[in-house]
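Below is one structure, written out as structure tokens; the observations come after it.
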Amino acid sequence: MKKLSGKINKKVISSRSVFIQVAGIASLTGGILYLLSVLFHPHGYARAAVPVSLVFMLMGVLGLHALLCKHEGRIGLIGFLFVIVGLLRLCT
């Protein structure tokens, strides 16, 4: 039984680290897309890059929270919620 829980624990840690890495790449992609949309003011279908970039940045924030969730405490959780609300406000 202990052997099985060790395998499950390793898979959870592995999937968590993969999520954090993917979230970092998504955050970088979202930031670049948002910067390009601010610099070039896209029109038409290219305007869809703005909400997509915000979703990518939101995924990056979730990855950062997954990385720091054991160390941040209440103030970190409040800051995380404010960032989420701020990014969602940018979508509207």
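The values are calculated or read from the model by the stated rules, or taken from the named source; none is laboratory data. Just so it is clear, the structure is predicted and the values come from calculations on it, not from any experiment. Glycine also receives a Cβ, built like all others from the backbone with ideal geometry; neighbour counts cover every protein chain displayed.
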**Asked** Which of the residues belonging to region 47-79 are modelled with pLDDT under 90 and aromatic (Phe, Trp, Tyr)?
**Response** none
**Prompt:** Across region 52-85, what is the number of residues that are loosely packed, with under 12 Cβ neighbours inside 10 Å and either in contact with a Cys (Cβ under 7 Å, 6 or more places away or on another chain) or in a helix (DSSP H, G or I) (or both)?
**Reply:** 7
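Table: residues versus (1) at pLDDT below 90; (2) of a type outside the set (Gly, Ala, Ser); (3) assigned to a helix (DSSP H, G or I).
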position: 5; (1), (2), (3): yes, no, yes
position: 8; (1), (2), (3): yes, yes, yes
position: 13; (1), (2), (3): yes, yes, yes
position: 17; (1), (2), (3): yes, no, yes
position: 23; (1), (2), (3): no, no, yes
position: 27; (1), (2), (3): no, no, yes
position: 30; (1), (2), (3): no, no, yes
position: 45; (1), (2), (3): yes, yes, yes
**Asked** Which pairs do you get when a residue that is closer than 20 Å to residue 17 by Cβ, found in region 68-89, comes within reach of a residue that is assigned to a helix (DSSP H, G or I), reach meaning Cβ atoms under 6 angstrom, with the pair 6+ apart or on two chains?
**Response** 80/65
